[in-house]
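Just below is one structure, and these are the notes that go with it.
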Amino acid sequence: MFRILTTVFVCALAAPAQQAPKGWTKGKGYGWVYGKQDEVGALNAINHPAAVLRALQSVKSGKVYDLGVPVDKRSFKWPGHASTEIMSYRSPGGVKRQKDIAPFTGNPKQMAFHSCAIYSSDNVGTQIDGLGHITSGADDHWYNGYVERDFGGDFGLMKMDADTIPPIVARAVLIDVAGFKKMDALPSNYAITVKDLQDALAAQQTDVEPGDVVLFRTGTGRYWGEAGENHAKLAQHDSAGIGLSAARWLVEQKGALLIGADTSGIEVGTDPENPKIPNVVHEYLLVQQGVHIAELHQLEGLARDKVYRFVYVAMTNRFRGATAGFALRPVAIH
């Protein structure tokens with residue numbers, strides 16, 4: 001009798017089996033499955049309280065890792081994006097001399113203030129690409145069939161902008177490819193294969209579970225420095241990344257719902273399997289699968305401490321119309 005009761009008690013404590021994320025089918029991935037009006041994509045699968053609770057329950061030490069890189073006008077960026085300029089718009093001297101702001105005119109404590117005007121691309125620094133970032137076909141469509149002629153505007157995207165990216169609290173895994181290969185950083189245009197990912201995961205004794213955020217490390221982030229100012233050094237390694245086969249494996253076989261890296265584009269500069277199609281991984285993830293892309297994440301601290309499992313927390317700046325949540329400061333909580 002005692003043995004029977006003990007068995008029942010242990011079974012009652014066992015955690016329920018993790019179900020496949022809503023909308024994900026092994027062998028197919030995610031895709032246009034969340035309804036005709038959907039603008040969220042694969043993140044629908046974790047955008048609910050049960051997924052958040054499951055993620056938070058996996059926290060072990062409470063240590064927080066800053067995954068954001070600092071940005072200024074010198075920062076390295078992918079071609080086609082504007083540089084960042086931060087200009088003093090108001091200064092203490094100007095406020096006092098011009099006397100054009102009533103509360104600071106004749107202030108008995110001689111108070112004043114600083115404020116800045118910022119000119120920047122929406123694809124600089126640590127960022128998450130929105131699903132409207134990449135278009136495809138003669139009709140310039142993006143995820144879920146939204147098309148440029150209907151939803152492209154003079155003041156940013158009218159649908160699927162960065163503001164549609166919900167707050168993300170999710171279980172996550174780091175795949176340290178550079179560390180597994182015992183390299184400071186992967187060489188230029190190195191194509192990370194499925195086998196590379198599998199071997200690195202096996203060495204870490206880690207696996208990707210359906211519904212995970214996946215961040216893989218090339219080592220490029222070790223050269224970011226003060227603000228990504230060493231363009232030549234970063235460019236030596238920034239074009240390393242995954243090709244289409246690796247992206248498909250992560251999404252369709254493992255269930256990754258957001259994929260990121262420590263580079264400006266996450267994908268290999270030229271995919272040896274698709275040499276004539278630039279940014280084939282972006283088109284596959286953003287347009288076909290509705291899987292967001294996380295770029296220029298600082299992964300050196302996680303790699304140094306061999307933290308391969310953690311909770312990923314990120315919120316984008318609420319710039320409506322922007323194509324990416326940019327200059328972010330996501331965190332990993334171990």
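The values are calculated or read from the model by the stated rules, or taken from the named source; none is laboratory data. All values reported here derive from a predicted model rather than from experimental measurement. Note that each Cβ is placed from the backbone with ideal geometry, even for glycine, and that neighbours are counted across all protein chains shown.
Against the conditions (1) over 30 Å from R248 (Cβ atoms); (2) touching a residue at least 24 places away in the same chain (Cβ under 8 Å), D100 satisfies every one except (2).
Suppose the filter is under 29 Å from A327 (Cα atoms), outside the structural domain of I168 (by TED's automatic domain parsing), in contact with a Gly (Cβ under 8 Å, 6 or more places away or on another chain) and modelled with pLDDT of 95 or more; does W24 pass it? So W24 fails the test.
From the set of residues in region 168-192 that are touching a helix residue (DSSP H, G or I) at 6+ places or on another chain (Cβ under 6 Å) and among the β-branched types (V, I, T), which is farthest from A303 (Cα to Cα)?
Within region 168-192, the first condition is being touching a helix residue (DSSP H, G or I) at 6+ places or on another chain (Cβ under 6 Å), and the residues that meet it are 169-171, 174-177, 179-180, 185-186, 192.
Checking the rest, the ones that are also among the β-branched types (V, I, T) come to 169, 175, 177, 192.
Details: V169: 21, I175: 9, V177: 10, I192: 17 Å.
So, considering only residues that are touching a helix residue (DSSP H, G or I) at 6+ places or on another chain (Cβ under 6 Å) and among the β-branched types (V, I, T), the one farthest from A303 (Cα to Cα) is V169.
Of all residue pairs spaced 6 or more apart or on separate chains, those with beta-carbon atoms under 7 Å, a first member in region 110-139 that is free of Cβ contacts under 8 Å to residues at least 40 places away in the same chain and a second member that is surrounded by 11 or more Cβ atoms within 10 Å (Cβ to Cβ) and acidic (D, E) are Y119/E85. When D238 is tested against (1) part of a loop (DSSP other than H, G, I, E, B); (2) within 28 Å of D38 (Cα to Cα); (3) not polar (S, T, N, Q), only condition (2) is not met.
From the list V95, V64, V69, V59, which residue is modelled with pLDDT of 95 or more and either under 30 Å from G269 (Cα atoms) or not assigned by TED's automatic domain parsing to the domain that holds N279 (or both)? Give the steps one after another, and end with the answer.
Details: V95 fails: modelled with pLDDT of 95 or more; V64 fails: either under 30 Å from G269 (Cα atoms) or not assigned by TED's automatic domain parsing to the domain that holds N279 (or both); V59 fails: either under 30 Å from G269 (Cα atoms) or not assigned by TED's automatic domain parsing to the domain that holds N279 (or both).
On inspection, the qualifying residue turns out to be V69.
Of the residues making up region 255-304, those that are closer than 30 Å to K63 by Cα, in contact (Cβ under 8 Å) with a residue 24 or more places away in the chain and more than 15 Å from the chain's Cα centre (by Cα) are G255, E300, G301, L302, A303.
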